[in-house]
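Okay, structure first, notes after.
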Amino acid sequence: MRTPAPSTLRRSLERLYREFDYAARIERDAIRFPLRYADPRDRELVALLTACLAYGRVDLFSRALERALAAMGPSPTGFVATFDPRRDGGAFAGFRYRFNRPRDLVAFCVAARDVRARWGTLEKCFVAGDGAGQGPIGPALERFARAFLEADLAEVFPRGRPSRGYRHLFPLPSAGGPCKRLHLYLRWMVRREPPDFGLWTSLAPARLLIPVDTHVENMSRAIGLTRRRARTWRMAEEITAALARVDPADPVKFDFALCHKRMSGDCRDRRDAVVCAPCGLRGVCRHWRRGAARGRRRGR
Ligand code: SF4
């Protein structure tokens, strides 16, 4: 398959970004949870908890998250600031979502309490691990995740090792996975344009990597942003590098639209005359480029 011409790719993606109906999809996206909180401190904290739990089906983790947020009350930062596992841990009784159990949320609150007490905000914690504030985002993201993984959680895990469920909340870039949930968190906090919050002004959007889930992976392959088969950190870098050729200052701005186009059924990852008819990506889509190439060969 040939790679689409940069100018055609730029035109197609910019059109998708411009014309996408964000309002129609936000209510089906995890971003709706932090969006409920007007106070930036609450939004920053709720966004992290949301991103940590954003694995599996959206409807299932949304139900579990609703329960967790209800337990934290109207001010999650206030809840966490004075959190005492013995006194307050029971608020999460009955919480259950795939790998996660109540003690994982208790541990999250203890770690968030201590990180916020030390740094003031989660942004300051991130920046403290970001060296000169330039270059690849991986090392800083690793340190940020470790601030939560290596917090003093003896009150929650007396044997000294955090549960598998808690460790699952914070994937480490050094393990080579795509770390979709951490990149999603950064996209929300750093990008300056809606639907993202732009609260973390100390980071440039140009440094972000795209959060690659199954939808973004499929769409990226369809429009020639990657040929990799395995969803890894390298795939996130490769897709982001392709998008940076379209918009170097803000490569991950296309994430929401690409993800939701596929998730909503507006793309079926195959040639479909009806579904594909209004699609602005047709000119760069492998499912149509193959057909065009076949047609050209036949006409020869
Ligand atoms: S042309 Fe069809 S298959 Fe290709 S991206 Fe658009 S909707 Fe998906």
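So in the stretch 254-283, with the set limited to residues that are near the ligand (Cβ under 8 Å from one of its atoms) and outside any loop (DSSP other than H, G, I, E, B), which one is surrounded by the most Cβ atoms within 10 Å (Cβ to Cβ)?
Lys261
Taking the stretch 1-10 as the region of interest, how many residues are free of Cβ contacts under 8 Å to residues at least 24 places away in the same chain and either buried (at least 16 other Cβ atoms within 10 Å of the Cβ) or assigned to a loop (DSSP other than H, G, I, E, B) (or both)?
1
If you take the residues of the stretch 20-41 that are more than 18 Å from the chain's Cα centre (by Cα) and of a type in the set (Asp, Glu), which of them is surrounded by the fewest Cβ atoms within 10 Å (Cβ to Cβ)?
Asp21
Looking at Arg234, Arg192, Arg228, which one is outside the structural domain of Asp130 (by TED's automatic domain parsing), more than 16 Å from the ligand (Cβ to nearest atom) and assigned to a loop (DSSP other than H, G, I, E, B)? Please lay out each step first, then the result.
Numbers: Arg234 fails: assigned to a loop (DSSP other than H, G, I, E, B); Arg192 fails: outside the structural domain of Asp130 (by TED's automatic domain parsing).
One residue alone meets the criteria, Arg228.
State all residues of the stretch 42-63 that are crowded, with 17+ Cβ neighbours inside 10 Å and farther than 18 Å from Pro171 by Cβ; if no residue qualifies, say none.
Asp42, Arg43, Glu44, Leu45, Val46, Ser62
When you scan the stretch 96-105, do you find a residue that is among the acidic types (Asp, Glu), in the same structural domain as Ser163 (by TED's automatic domain parsing) and either closer than 21 Å to Val212 by Cα or crowded, with 19+ Cβ neighbours inside 10 Å (or both), even just one?
For the stretch 96-105, residues among the acidic types (Asp, Glu), in the same structural domain as Ser163 (by TED's automatic domain parsing) and either closer than 21 Å to Val212 by Cα or crowded, with 19+ Cβ neighbours inside 10 Å (or both): present.
The values are calculated or read from the model by the stated rules, or taken from the named source; none is laboratory data. Please read these numbers as outputs of a predicted model, since none were measured by experiment. Positions of Cβ are generated from backbone atoms using ideal geometry, with glycine treated the same way; all protein chains shown enter the neighbour counts.
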